[in-house]
Amino acid sequence: MIRFKTLSSDRLYAVRKESTIQDIRKSIASILKTEYWLIDIVNLEHYFIYEPDQTSDILHNPFHVMVGAESRPVHGLRTSTKPDIVWEYESDPRIELTCGHAITPDNLFGFIREKILKNEYCLRCPGKTDYGTCEFCFACLKTAINGKLTCGEFDGKCIVAPIQPTD
């Protein structure tokens, strides 16, 4: 058995140690009564998400789990009819970012997750401008709110390292 905690709780859970991260994700999903694709095993010390095909012997005991949201409503956020910066044909409700571009909360979450997987810690807007890419630097907490991250996805301390202003 190996122990884990979700990002939103200090409660320790025990799960049978499987051979791969993917197998452990499936067991965790069963324990937490959710879908396995909503489960990510994260390394908080080095800010990355373990790949599903990695062997489980690299996990710390206890390890940390990020539990994704099944839906990300835009209620209470500033919405926009502008095209989504990730997929311009997106029909889901979009939120307006500080820089003025628009994105769905799911696409924003996917963008953040992709950056974490690439060990990139500065979140810059990928939206297009007349001069190239927007490159606006997002504040971590505001991005977490706009992305509708659940407590299980955001530990309040910014799993994505704090952003330094650029000149």
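Where in region 1-71 are there strands (runs of 3 or more DSSP E), lying wholly inside it, with at least 1 residues that are loosely packed, with under 13 Cβ neighbours inside 10 Å? Can you show your working first?
Values: elements: 2-6, 13-15, 39-43, 63-67.
It comes to 13-15.
Here residue 81 meets the list (1) under 25 Å from residue 127 (Cα atoms); (2) outside the structural domain of residue 118 (by TED's automatic domain parsing); (3) of a type outside the set (D, E, K, R) almost entirely, failing just condition (2).
Answer yes or no: is there a residue in region 84-96 that is assigned to a loop (DSSP other than H, G, I, E, B), touching a His at 6+ places or on another chain (Cβ under 7 Å) and not assigned by TED's automatic domain parsing to the domain that holds residue 20. So far as region 84-96 goes, yes, one or more of its residues are assigned to a loop (DSSP other than H, G, I, E, B), touching a His at 6+ places or on another chain (Cβ under 7 Å) and not assigned by TED's automatic domain parsing to the domain that holds residue 20.
When you go through 2, 21, 28, 58 one by one, which is the residue that is of a type outside the set (Gly, Ala, Ser) and touching a Lys or Arg at 6+ places or on another chain (Cβ under 8 Å)?
Working: 21 fails: touching a Lys or Arg at 6+ places or on another chain (Cβ under 8 Å); 28 fails: touching a Lys or Arg at 6+ places or on another chain (Cβ under 8 Å); 58 fails: touching a Lys or Arg at 6+ places or on another chain (Cβ under 8 Å).
Among 2, 21, 28, 58, only 2 is of a type outside the set (Gly, Ala, Ser) and touching a Lys or Arg at 6+ places or on another chain (Cβ under 8 Å).
The values are calculated or read from the model by the stated rules, or taken from the named source; none is laboratory data. All values derive from a computational prediction rather than experimental measurement. When we count neighbours, we look across all protein chains shown, and the Cβ atoms used for this are built from the backbone with ideal geometry, even at glycine.
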